[in-house]
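Inspection log for the structure reproduced underneath, given as structure tokens.
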Amino acid sequence: MKASTKPVLILVAGLVMFLGSAVWFGLPQVKRAAQIGAAGRARLQLAHWSRAAEAYREAHGALPSGEGSAVLEALREDPVSRQALAGNGAPDKWLRDPWGTIWQIRDRARVEVRSAGPNRQFDDEDDLSSLTLGTNRTGAD
């Protein structure tokens, strides 16, 4: 019986070492992959909110007044922008970007939708913007 347990112990020890090293060395890569996935989801959501904001502004001449979630709620309640969201398959629960920050929508010469990015701070280098991602078509046609 002892002779048959030795290969099993060696196999288990090898498996534990393999899994331990995979977790130890692979964890930063898993975290990076999650951030890349979050950035992709943010770009998709940003494009949807940008289209909804553009549709609202085209129909009403300006974006709804207010800031943060008040603007997003107004866009969700408006039939024109709601149709733009639904037409793109966007769930209306996307009030926050993948990192948990409420989307920021600015009414300028072109509508700008912003995400604060992974650090959750606006107006720095990791922000995502509809103007720099090319998702805003107002004035570009």
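In nanometres, what is the gap between the two model label sites at Val16 and Arg108, each 7 Å from Cα along Cα-to-Cβ?
5.8
So how do 113-123, 7-17 stack up, highest first, on mean other-Cβ count within 10 Å?
On the way: 113-123: 17.6, 7-17: 9.7.
Final packing ranking: 113-123, 7-17.
If you count, for each residue, the other Cβ atoms within 10 Å and average over each peptide, how do 61-69, 39-47 line up from highest to lowest? List each step's numbers first, then the result.
Details: 61-69: 12.3, 39-47: 17.4.
Per-residue Cβ counts within 10 Å, averaged per peptide and sorted highest first, yield 39-47, 61-69.
Estimate the FRET efficiency between Leu44 and Glu125 by the formula 1/(1 + (r/R0)^6), using the beta-carbon distance for r and 22 Å for R0, to the nearest 0.05.
On the way: r = 21 Å, r/R0 = 0.96.
Computed FRET efficiency for Leu44 and Glu125 comes out at 0.55.
Could you work out how much longer the chain between Arg76 and Lys6 gets when fully extended? Use 0.36 nm per residue separation minus the Cα distance between them, nm to one decimal. Present the calculation step by step, with values, prior to reporting the outcome.
On the way: separation 70, 0.36 × 70 = 25.20 nm, distance 6.46 nm.
Stretched fully, the Arg76-Lys6 segment lengthens by 18.7 nm.
Coordinate-derived values only; no laboratory data. Model, not experiment: these values are computed from the prediction. Neighbour counts run over all protein chains shown; Cβ positions are idealised from the backbone, glycine included.
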